1. Using only Cα atoms, tell me the angle between helix 46-64 and the longest principal axis of the chain; keep it within 0 to 90° and round to the nearest 10.
2. Pairs to check: LYS128/LYS480; LYS337/LYS365; LYS348/LYS396; LYS99/LYS238. Give those whose C-alpha atoms are more than 18 Å from each other in this structure.
3. Based on the mean of other Cβ atoms within 10 Å per residue, sort peptides 76-88, 383-395 so the most packed one is first.
4. What distance in nm separates the simple spin-label points at PHE69 and ALA357, each placed 7 Å from Cα in the Cβ direction?
5. Please give the contour-minus-distance gain from VAL423 to LEU451: 0.36 nm per residue of separation, less the Cα-Cα distance, rounded to one decimal in nm.
6. Once you have the Cα-Cα distance between ASP116 and ASP50, take 0.36 nm times their residue separation minus that, and quote the gain in nm to one decimal.
7. Using only Cα atoms, locate the centre of the range 217-289 and the centre of the range 1-35, then give the distance between them in Å, rounded to an integer.
8. Once you put a point 7 Å from the Cα of GLU36 and another 7 Å from the Cα of ALA242, both along the Cβ direction, what distance in nm separates them?
Amino acid sequence: MTKPAPPNIRATALIGGHWTDDGLERRDTVSPVTGEIIGSFPLCTAAEADRALQAARDAAREWGATTVFERIDIFERAKSVLHTKRDALATLITYEQGKTYREARGEVDEAIAHFDEAITGCRDLEGKILPSAVPTCRNYVYRVPRGVVVAIQPWNYPLAMAVQHIAPALAGGNTVVMLPAPTTSLVGFQLADCLVEAGVPDGVLNFVCGEGAVVGDALTRDERADIVVFTGSTATGKLVAANARNRAELLELGGNGPTVVLDDADLDKAAAGVVMGSIVNAGQACTAAELILVHEAVYDAFAERLSQEVADTAVLGDPFDRATTMGPLQNEATAAKVDAHIEDAVAKGATVTVGGARSPGYPTKLYWPATVLTGVTGDMVISHQETFGPVMPLRKITSEAEAIQLIDESQYGLASAVFTRDVGRGLRFAERVSTGMANVNLPTVWSEYHLPFGGCSGKGSGTGRVQGRYALTDTFTELKTIIVDLGE
Ligand code: NAD
C-alpha cells in the first residue's frame, strides 16, 4: 500500500459536551514508527478530573432513564461512524501505537464488534418476577445502571480496549469518564470525537488525558465514581484497587501467557501457535505467549521447528508495508524492559537462537525482532515477569504436572494454552490450570468478542470479565428489587 501521510492531531479534553484545553500544558506525541511528531494532547490535572466527574454525575440520571432502544440507536450510529473512518483510525493507530496497519484495521473492527455485543447485551437484559409468600404482592427484580464509570485504558489496544469499557458501560445506562494511556491519547481523542458525532449526549461520555499518576489517581479516589474499570499493568492495578476500595471495580491486568507443548504435540501446529501468540502486536498483548514450557522429550525438535517458523513468518519492518508482520514496540520503557529481560536470561545461561537485540537501520530504536531463547530456567526474570515483547523463552519441563505447578506458582492467571494431540488430555489440563482462560491447540491470544475475558481469582491478572454479556450483567448494572402490594 502507499504509505498514508502522518496525522497531525491537536487533542483536547471533552467535559460536559465541551472540548477544552484552556491554559493546560501540552505534550507532543511522537510516533514509534517514524519518530515524527504526529500531534499533541493536554496534560489534564485533578481539576479537569473533578469537572469531568461532575459532568458525568450531572448527566447520569437522564441517561440512565433512556430506553435501551435509544442507546442502541446511538451505538448503531457509532458503528457507522467508526466504519466510515476505518482507514483514518487505522492509520492513526499504526502511527501512534506501532502495530501493523493490518492489525490496526482489525482493531477498528474489534471496536465495532464491542458495540455489537453491547447492543445484543442490553436488548437481552432480562428481569424477573419472583414468587411471593403474600398473594397480593409482586416481587420485581431487574437490572439498573450503577451510575458513573471511570474507565482507564492501556496503550497496547487504545481503541478496542476503550470501546470494550465504554460500550457496555453506556449500554447499562451509566455515564463515563475515560482516560487513555498518555502515549495513545490521540486515538482516545478521536474515539471521543466519533461518539460525539454518533450523538452521545453532553456529559454522558467525558474524555480527559494526561499522566495516570495525576488524572487517574484523582479519578479513582473520587467517591463520585461508582465503578472503576481499569485495564493496565498489575502494578498500577494494585494502586487503582486501593483507591477504588468499597466501590465496584473491574481490573484487567498483566499476564505472561504460559504455553505448554506436551510430548505428544503436533510440533508444527505448536510452533505456529507460539509464534502467532508472540508476535501479535509485537508481543504487547496481555495474553501474549511469553513463557513456553516444553516437554523434554520434544524440546530440541520444537526449538528447531520454532526457529524455522520465526524465520518464515516474523517479518519486522515498516508496519504499513504489507509484508511486515511486526512493527516497532510502542515506547522506550517497554523496549528497555525487553532488553533487561534478555540480558538477565543470557547472563544466567540462556542462549539466544534467533534475534536477541534491537534492530538497527529503522527511524526509531524501538524495532525489536522476534527472539527465541533456549535453556531458560526458573531463576531468570523472564520466567516470572511479563516481558511485553516478541520474545519466546523455552523452559524445559519433565511432566504435565510440572507445567500445572509452575503456572499455579506464577503471579499471573490470565490466559494459557496447551498443545497435545490428545484432546481429552488437553481438556483435562485446561480444566485444572489456574488461568481465567485456557486454550487447547490454539494460541494464548485466541479469543472471540462474545466470550468472557479476564484473569482467575487469587492472582495478579485482575478480577471480573470484559467482553460479551457478562460485563453488562456483572459489572455495569446491578439488581434492583421492587415489592408491590396490589391491594385486595
Ligand atoms: P499502565 O498500568 O502503565 O497504565 C495503564 C493506565 O493506567 C494508563 O492509562 C495510565 O495513564 C493509567 N495510570 C497510571 N498510573 C495510574 C494511577 N496511579 N492511577 C490510575 N491510573 C493510572 O499499563 P500500560 O503500560 O499502559 O499497559 C500495559 C499493561 O496492560 C500490561 O501489563 C498488559 O498486560 C495490561 N493489559 C491487560 C489487558 C487485560 O485484558 N488483562 C489488556 C491489555 C493490556
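Values in this text are rule-based calculations from the coordinates and carry no lab data. Bear in mind the structure is a predicted one, so any value in this text is a computation, not a measurement. No Cβ is skipped: glycine too gets one built from the backbone with ideal geometry, and neighbour counts run over all protein chains shown.
1. Computed tilt is about 60 degrees.
2. Correct reply: LYS99/LYS238.
3. On the way: 76-88: 16.9, 383-395: 24.8.
Result, highest mean Cβ count within 10 Å first: 383-395, 76-88.
4. 6.6 nm
5. 8.0 nm
6. 20.6 nm
7. 26 Å
8. That separation, rounded to one decimal, is 4.3 nm.
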